[in-house]
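Please read the structure below before turning to the comments.
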Amino acid sequence: MHEGHRQRLLEKLKNGDNLFEHEILEILLFNAYPRKNVNPVAHALLSRFAGINEVLNAEVDELMLVEGVGENVALYLKCIGECMRLKNSCESFAVINNTSELISFVTARFRGKPHEVLEFYFMDKSGRVRRICSFTDNDPDRVNVRPEEIVKLISVYRPHGVYMAHNHINCPCEPSAADDDMTKKVELICSLNNVRLYDHCIIGPDGVYSYFLSNRLDKISSEYSAANFFKDKL
């Protein structure tokens, strides 16, 4: 019976349904009590404290005064509270508003990397980097990413826009035919999902190449945006 109840709560969480405060606390407690009905413990905690925030900000000794809460569970809840404080105490996201800021950002990220790496930066409307996805084959001369992987990432993260960057270890930053091909695929995928591809930067031993600044991205976009691409195929 407990497993069915847990699964229902997890489905509500997954689907973005509204959850009561005690249900959220129950989900947090699932890992602390793998095989126990956590509903009574959640209610007991919320009876002692004013809400989830107070539970997660409580001291270990206070939490252990609640029936059913041992030291391990108290430490678990305390750790979640510490994670929340860490999140709120610092700026978690970089901000990229133009190619100059992108170049500074990726130059720092790629410094000293011994292998070719391809990164995607998923942006919100405010220019903040919400997610970073990195790919590498641990090879100094190539990295392969399947288009379906990019499709999946965009469908999950639903960004407002995307920046791309990768590095050349043993050759100049000038794009190769393979680089152009990847950029075309990403542009098509982005346009199909109403997402803008802002730029693709290549970091090489001789500097940084920007598809946007070179107008190469405009040419690719004009040919490989969804509307133009499929118009040409009809």
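The values are calculated or read from the model by the stated rules, or taken from the named source; none is laboratory data. Predicted, not measured: the structure shown is a model, and the values here were computed from it. As a convention, Cβ positions derive from the backbone with ideal geometry for all residues, glycine included, and neighbour counts pool all protein chains shown.
Structural remarks
- When residues of the stretch 93-122 are limited to those that are within 20 Å of the chain's Cα centre (by Cα) and small (G, A, S), the one modelled with the lowest pLDDT: A94
- Residue within the stretch 159-175 that is touching a residue at least 60 places away in the same chain (Cβ under 8 Å) and hydrophobic (A, V, I, L, M, F, W, C) present: yes
- Every residue from the stretch 41-52 that is assigned to a helix (DSSP H, G or I) and surrounded by 12 or more Cβ atoms within 10 Å (Cβ to Cβ): V41, A42, H43, A44, L45, L46, R48, I52
- Residue ID - surrounded by the fewest Cβ atoms within 10 Å (Cβ to Cβ), chosen from residues in the stretch 186-212 that are among the aliphatic types (A, V, I, L, M) and more than 26 Å from H115 (Cβ to Cβ): L192
- Inside the stretch 35-86, residues that are polar (S, T, N, Q) and farther than 17 Å from E23 by Cα make up a count of 2.
- Qualifying residue in the stretch 127-134 (condition: outside the structural domain of I24 (by TED's automatic domain parsing), surrounded by fewer than 16 Cβ atoms within 10 Å (Cβ to Cβ), hydrophobic (A, V, I, L, M, F, W, C) and assigned to a helix (DSSP H, G or I)): no
- Those residues of the stretch 158-185 which are among the hydroxyl-bearing types (S, T, Y) and surrounded by fewer than 17 Cβ atoms within 10 Å (Cβ to Cβ), in sequence order: S176
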